[in-house]
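A short write-up of the structure that comes next.
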Amino acid sequence: MANVTFSSPMLHPSKTIYAVAGDTHTVLALALANHIPIPFDCRDGNCASCLIKVTYADPANRKAIALTEKEKTKLRELGKLTAAELEDAEVRDLPPHYRLACQFIVRDEDVTISYTGEPGGA
């Protein structure tokens, strides 16, 4: 079970949602179901309009699901994924801080999702 806190200049105050363990909905789906205004265009990882920054309550114990190939490509294009972060994700199973809300599924961990609502900015 996870607490997902959404933080954005578009959202005052921040809003925390309880996400059920084992739920396979993306952060974008969780936001939409709870009327949280998070930008998106395609819902498929192609446009990167749903770029988010993820802060883990326990940074030493990051568990998020692996990056999708679309997500890797888009994050590299935006300069939000370094070679070291990619290696951490692929070899050590440590997710990076920048993700796409339409691809990111929270596991059993508390996280803060930050976004600006601006294209390419989280």
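The values are calculated or read from the model by the stated rules, or taken from the named source; none is laboratory data. A quick note: this is a predicted structure, and the numbers were derived from the prediction, not measured. Note that we place each Cβ from the backbone using ideal geometry, even for glycine, and neighbour counts take in every protein chain shown.
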Segment 8-33: number of residues that are buried (at least 18 other Cβ atoms within 10 Å of the Cβ) and in a strand (DSSP E or B): 2
Cβ-Cβ under 8 Å pairs, at least 6 apart or on other chains, segment 8-22 side at pLDDT 85 or above, far side of a type in the set (Phe, Trp, Tyr) and in a strand (DSSP E or B): Ser14/Phe6; Lys15/Phe6; Thr16/Phe6; Ile17/Phe6
Residue match in segment 102-112 (condition: at pLDDT 90 or above, in contact with a strand residue (DSSP E or B) (Cβ under 9 Å, 6 or more places away or on another chain) and in a strand (DSSP E or B)): yes
Among (1) of a type in the set (Val, Ile, Thr); (2) in contact with a helix residue (DSSP H, G or I) (Cβ under 9 Å, 6 or more places away or on another chain); (3) part of a loop (DSSP other than H, G, I, E, B) - the single one Ile52 does not satisfy: (3)
